[in-house]
Every structure is written in C-alpha cells, then in structure tokens.
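Structure, as structure tokens:
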Amino acid sequence: MSSLLPPPRRFTRAWALALGIPFFIALAVLTLTPSRVEESLPNLLDLVLGTAHRLGWDSLDFTRLEIIANVLVFVPVGIFAFVLLPRRIWVLSLLVGPLLSIAIETVQRVALPHRAATVTDVLANSAGSLLGVALAVLCTLLLSPRSSQRPPSRLETS
C-alpha cells in the first residue's frame, strides 16, 4: 500500500511542521494545565450550546459537546502524524493519536487531580486521530500527482 501513497512534497512537510508545532503546544496547554476548559472558557461553551439549541439541536448537552470536541481536536493529530512519518511506516500514524491520548489521560490522572481522565476521552481522541489519518490518506490518493499519471491501458497502446 505504501507504493500507492507517494511521499509528501517538501513544502507539505514544512507546512505541517510550521502548523504542527504551535498546534501541539496549544494541545498541551489545553490538556495538561490544572484548569478545565469549562472553567476557563465558560462563555464560549454557553455560546456554542446556545447556538446549537437555537438551530434546533436540543439534544446537544455539555457531555456530547465534550465528546465532539475531543474528536475534532484530534483530527489534526492524525493528519500531522501521516504527513510527518515516512511513508514506509505510515501505518504507525494510526497509533500516534491513541498513544498520545493515553499519555495525556495518564498525566491527568496522576498529576492533575482536578482534571477528569476518562476512557471516553481516549476513545473520542482516538476516533478523531483515526479520522485525520483517513482524511490524509484519502487526500493523498485523490490529489497526488502520481494518481493523474497512471500508465496507459492496453486499449490506449494498441
């Protein structure tokens, strides 16, 4: 399968690093500080929930919003892992998100007693990361220059 996945262009990896470093710093601040998001950004959560309810999504509550946010926050983790790992070991990008999530939840459990470390968070984060890898693979297959330079079929050569 790695032969179907051409390596990213040099500038793609450079952009992934340029965007990935601040993203991972923000992720660390978001997940590894003592204050919970609902304590530090209560107005934002109220705004999101209020907007969703006005749009008719009455079943959205804080718990569901937290799960959706955990999925969405980890989509870039999967994308960055896929772009930055060498193609010969791209399958390892499927493990980066779950392992990172387990590490974050372990630190929260051990060192941040005010934070809630849950299996649900690991599952949601892992799903987001896997979705990110899937999106990156799909974009690579659809947008790679090699996909438009397929060899001619036997009908075209005869």
Tell me, please, whether a residue that is of a type in the set (Lys, Arg) and surrounded by 13 or more Cβ atoms within 10 Å (Cβ to Cβ) can be found in region 88-97.
no
Which condition does GLY50 not pass, out of (1) part of a helix (DSSP H, G or I); (2) touching a residue at least 60 places away in the same chain (Cβ under 8 Å); (3) surrounded by fewer than 16 Cβ atoms within 10 Å (Cβ to Cβ), if it passes all the others?
(2)
If a residue has to be without any contact (Cβ under 8 Å) to a residue 24 or more places away in the chain and charged (D, E, K, R) to count, how many in region 93-121 make the cut?
2
Step by step: first the residues of region 26-47, then only those that are in a helix (DSSP H, G or I) and either in contact with an Asp or Glu (Cβ under 7 Å, 6 or more places away or on another chain) or farther than 17 Å from LEU112 by Cα (or both), then the one that is modelled with the lowest pLDDT. Which residue is that?
PRO42
Can you name every one of the helices (runs of 4 or more DSSP H) wholly within region 77-158 that holds 3 or more residues which are under 19 Å from ARG36 (Cβ atoms) and either β-branched (Val, Ile, Thr) or modelled with pLDDT under 95 (or both)?
93-111, 119-143
Residue count for region 8-18, restricted to those that are surrounded by 14 or more Cβ atoms within 10 Å (Cβ to Cβ) and more than 11 Å from LEU84 (Cβ to Cβ):
0
Suppose the filter is among the charged types (D, E, K, R) and not in a helix (DSSP H, G or I); does ASP58 pass it?
yes
Which of (1) within 13 Å of the chain's Cα centre (by Cα); (2) closer than 29 Å to SER144 by Cβ is the odd one out, the single condition ALA69 does not satisfy?
(2)
Count, please, the residues in region 110-128 that happen to be surrounded by 13 or more Cβ atoms within 10 Å (Cβ to Cβ) and under 16 Å from ALA28 (Cβ atoms).
5
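The values are calculated or read from the model by the stated rules, or taken from the named source; none is laboratory data. Predicted model only: the values in this text are computed from it and were never measured. Cβ sites come from the backbone with ideal geometry, for glycine too, and all protein chains shown count toward neighbours.
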